[in-house]
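The values are calculated or read from the model by the stated rules, or taken from the named source; none is laboratory data. All figures in this text were calculated on a predicted structure; none of them were measured in a lab. All Cβ positions, even for glycine, are placed from backbone atoms using ideal geometry, and neighbour counts span all protein chains on display.
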Amino acid sequence: MAGDWIKIEIATSQKIEVFQLAEILDLDVDTVLGKLMRLWCWADVNTINGHARSVTKKLLDRVVDCDGFATALLDDRVAWLEEGENGDLLFPNFDRHNGKGAKKRATDAERQANKRAKDADETVSKSSRSQRDKSVTREEKRREDLKDKTPHNARENFSTPSPKAANAIIDNHVPPSAGAMVDGKFTMFEGWQPSADFVRLASLWGFRLDKPATPEEIASFASYWKAEGKAFHQSQWEQKLARSLVVVRARKAKEPESVPHWNSREGWENFI
């Protein structure tokens, strides 16, 4: 019948009985394996759980097209075929692996294994969804908390920062009056100043500065970030300033020096 099958172990090709058969019959191992497969397929269809009633050794030899094959199976060194007192032949333990009962057990076992694997996947999926939902909930709560503490709201609730407060920096922190404070962070304000050892700190952060920031550079930096309305710690502001100075100064160093137009007053002065 189409779709029928038999079980065979992966290690069958390495079993000592297979090599014994090859030696007895003077055949190569691959040929022996092919004939065994042919014989077991025949037995699965034409025997009752391995009992081959009214089947002779000569008939089995014809099934595999090899004289002496059944006798070799009966050999004590192989013992993959037994002969009863009445001459009936028997494939020992055949019903462990083949036959309707064995196939049903194998099919049921495979079905149960697939079901357990599917149940395990569903459990993992449910767990993942639950964990993801928890993560999303925590993320939404964090966003709500940050929303309640945004710099925009902070500017509405705090007074305008005092420029003098920038001079009161102690241990890289600013007093609450220096800007809109939220968890130690503050928004940028006019008059902000970096720490006195800013150049040294910048080198520790990986920014090599050949000179301190000029008042113009600091004012430009503060003006830009004041409009952004973002809040950072004092050390974070200083790191941003150091990075900005490196970029801006490098860009200016690449720009060519200004040369007066040849037809301008300054240009003609060189010829007067």
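Output the residue which, of all residues in the stretch 181-221 that are more than 12 Å from residue 245 (Cα to Cα) and charged (D, E, K, R), is surrounded by the most Cβ atoms within 10 Å (Cβ to Cβ).
185
Which members of the stretch 8-44 meet the condition of being exposed (fewer than 13 other Cβ atoms within 10 Å of the Cβ), at negative phi and not in a helix (DSSP H, G or I)?
Within the stretch 8-44, 9, 28 qualify.
Please report, ordered by residue number, the helices (runs of 4 or more DSSP H) entirely within the stretch 62-164 with at least 3 residues that are closer than 28 Å to residue 18 by Cβ and at pLDDT 80 or above.
Those helices (runs of 4 or more DSSP H) span 69-74.
Tell me which residues, restricted to the stretch 172-213, are in a loop (DSSP other than H, G, I, E, B), among the charged types (D, E, K, R) and either closer than 23 Å to residue 229 by Cβ or at pLDDT below 65 (or both).
183, 190
Of everything in the stretch 214-236, what is assigned to a helix (DSSP H, G or I) and of a type in the set (Gly, Ala, Ser)? Give them in sequence order.
Listed by number, the residues that qualify are 219, 220, 222, 223, 227, 235.
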